[in-house]
Amino acid sequence: MKSISTRIGLGLSVLALAGFASSLALADGRDGAAHPQCSGEHGDKQSEGDRAQHAAERFKQSDKNNDGFLTQDEVGEKRWAHIQVADANKDGKVSQAELQQAHADGKLGHGRHGDKKPA
């Protein structure tokens, strides 16, 4: 009898854990559209020109109204929390030049990789 109730309890625990994991995945999901992100697969093989081109393409895709600035509405809360340090003039929007300067100053890390500066 005790072994049956133990198995049932274990089964319910597994189901609860699966439900929790599913709810986290759904909460993290956005609108289902692909969002450009660094895959991290380039390592040190990507040239400075390739990085600049990738950054320019990502900026252009994120700049939904094509005004040359990124805002919280365009990039979302999570990304805005990361890039708002680049808003040098505190106008609530970030230009590509502000992002480049923030990277050069070491204010922006690599985001998904622990915000570590290269050694």
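The values are calculated or read from the model by the stated rules, or taken from the named source; none is laboratory data. Since the structure is predicted, the reported quantities are computational estimates derived from the model, not experimental observations. Cβ placement follows ideal geometry from the backbone for every residue including glycine, while neighbour counts extend to all protein chains displayed.
I need a count of the residues in the stretch 65-75 that are in a loop (DSSP other than H, G, I, E, B) and surrounded by 12 or more Cβ atoms within 10 Å (Cβ to Cβ). Please lay out each step first, then the result.
At the first step, the residues of the stretch 65-75 found to be in a loop (DSSP other than H, G, I, E, B) are 65-68, 71.
Now drop any that are not surrounded by 12 or more Cβ atoms within 10 Å (Cβ to Cβ), which leaves 68, 71.
Within the stretch 65-75, residues that are in a loop (DSSP other than H, G, I, E, B) and surrounded by 12 or more Cβ atoms within 10 Å (Cβ to Cβ) number 2.
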Listed by first then second residue, the pairs whose first member lies in the stretch 45-63 and is in contact (Cβ under 8 Å) with a residue 60 or more places away in the chain, whose partner is exposed (fewer than 13 other Cβ atoms within 10 Å of the Cβ) and aliphatic (A, V, I, L, M), with beta carbons under 9 Å and at least 6 positions apart or on separate chains, are none
Note: among GLU98, GLU41, GLU48, just one is modelled with pLDDT of 55 or more, among the acidic types (Asp, Glu) and surrounded by 12 or more Cβ atoms within 10 Å (Cβ to Cβ), namely GLU98
Of (1) at pLDDT 95 or above; (2) farther than 22 Å from GLY109 by Cα, PHE69 satisfies every one except (2)
